[in-house]
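All remarks here apply to the structure that follows.
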Amino acid sequence: MIEPDAGQILFEGHELLSLSGEALRAPRRQMQMIVQDPFASLNPRKRLREIVAEPLAIYEPELAPSERRAKARELLRRVGLDDSLLRRYPHEFSGGQRQRIGIARALILHPKLVVADEPVSALDVSVAAQALRLLRELQQEFRLTYIFISHSLPVVAQVASRIAVMRAGQFVESGSAERILREPRSPYTCELLAAVPEIPRPAKV
């Protein structure tokens with residue numbers, strides 16, 4: 001979304017910054033996103049069936065509408081939503097339900113990489129815990145790689161196998177989740193950990 005100033009973006013051995021047009025279309029299909037705000041991320045004028053199936057309309061236009069709806073129903077059921085809700089609009093759902101809709105939309109193309117940008121920060125604690133559990137289950141089921149962006153180290157500890165700590169747009173430390181959380185080397189990482197009452201054990205991914 002933002003033109004980089006320098007560096008490389010490598011995905012499956014391909015330099016994405018050197019690609020454009022149709023050559024970029026294939027890798028883009030394999031990279032989807034779950035955004036932070038479940039209230040602003042869904043088009044209020046579209047029904048749920050259109051929102052979840054939208055990536056199919058873009059990348060698989062040859063599919064019949066009935067096939068798109070069938071795939072949307074399948075994904076909705078997998079994220080814990082009844083497919084009878086397909087005719088409803090976003091304002092009829094809670095924040096947790098909207099985030100599940102966003103997750104279903106991101107997974108309908110069966111991507112290899114999902115960028116999750118603060119996906120639970122706008123949710124209540126109990127709802128966020130449910131969303132994290134769902135994300136872990138889907139990671140195993142769909143064999144996904146997440147780039148999970150978060151300011152919450154307890155949340156990161158539940159989902160990450162590797163952690164990169166950023167400050168002012170620069171990486172200050174990276175490594176396995178176990179090492180970063182138990183033996184931090186950067187003073188900034190130490191400050192972040194000191195501000196958390198207790199860090200849970202890293203997830204086994």
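The values are calculated or read from the model by the stated rules, or taken from the named source; none is laboratory data. Quick caveat: nothing in here was measured; it's all calculated off a predicted structure. Don't worry about glycine lacking a Cβ; one is built from the backbone with ideal geometry, like all the others, and counts go over all protein chains shown.
Summary of values
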{"quantity": "Region 89-135 - residue that is closer than 16 Å to Arg47 by Cα and among the hydroxyl-bearing types (Ser, Thr, Tyr) and, of those, modelled with the highest pLDDT", "calculated": "Tyr89"}
{"quantity": "Residue check for Ile163: in contact with a helix residue (DSSP H, G or I) (Cβ under 7 Å, 6 or more places away or on another chain), part of a helix (DSSP H, G or I) and free of Cβ contacts under 8 Å to residues at least 60 places away in the same chain", "calculated": "no"}
{"quantity": "Subset of region 8-24 (residues that are out of contact with any Leu (no Cβ under 8 Å at 6 or more places or on another chain) and either assigned by TED's automatic domain parsing to the domain that holds Ile58 or of a type outside the set (D, E, K, R) (or both))", "calculated": "Gly13, His14, Leu17, Ser18, Leu19, Ser20, Gly21, Ala23"}
{"quantity": "Condition broken by Glu173, with the remaining ones in (1) among the charged types (D, E, K, R); (2) surrounded by 17 or more Cβ atoms within 10 Å (Cβ to Cβ); (3) in the same structural domain as Glu60 (by TED's automatic domain parsing) satisfied", "calculated": "(3)"}
{"quantity": "Hey, Val79 touching a Lys or Arg at 6+ places or on another chain (Cβ under 6 Å) and assigned by TED's automatic domain parsing to the domain that holds Val127 or not", "calculated": "yes"}
{"quantity": "Given (1) of a type outside the set (Phe, Trp, Tyr); (2) farther than 26 Å from Gln139 by Cβ; (3) part of a loop (DSSP other than H, G, I, E, B), index of the condition Leu42 fails", "calculated": "(2)"}
{"quantity": "Residue match in region 133-155 (condition: outside any helix (DSSP H, G or I), of a type in the set (Gly, Ala, Ser) and farther than 23 Å from Leu10 by Cα)", "calculated": "yes"}
{"quantity": "Subset of region 1-27 (residues that are within 25 Å of Gln170 (Cα to Cα), part of a helix (DSSP H, G or I), under 22 Å from the mean Cα position of the chain (by Cα) and not hydrophobic (A, V, I, L, M, F, W, C))", "calculated": "none"}
{"quantity": "Qualifying positions in region 52-91 - touching a residue at least 12 places away in the same chain (Cβ under 8 Å), over 22 Å from Gln139 (Cα atoms) and among the hydrophobic types (A, V, I, L, M, F, W, C)", "calculated": "Leu85, Leu86"}
{"quantity": "Of residues in region 1-46 being over 27 Å from Ser121 (Cβ atoms) and among the hydroxyl-bearing types (Ser, Thr, Tyr), the one modelled with the highest pLDDT", "calculated": "Ser18"}
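Residues checked against (1) among the small types (Gly, Ala, Ser); (2) buried (at least 18 other Cβ atoms within 10 Å of the Cβ); (3) more than 18 Å from the chain's Cα centre (by Cα); (4) in a loop (DSSP other than H, G, I, E, B):
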site: Ile58; (1), (2), (3), (4): no, no, yes, no
site: Glu62; (1), (2), (3), (4): no, no, yes, yes
site: Ile101; (1), (2), (3), (4): no, yes, no, no
site: Ser121; (1), (2), (3), (4): yes, no, no, yes
site: Ala129; (1), (2), (3), (4): yes, no, no, no
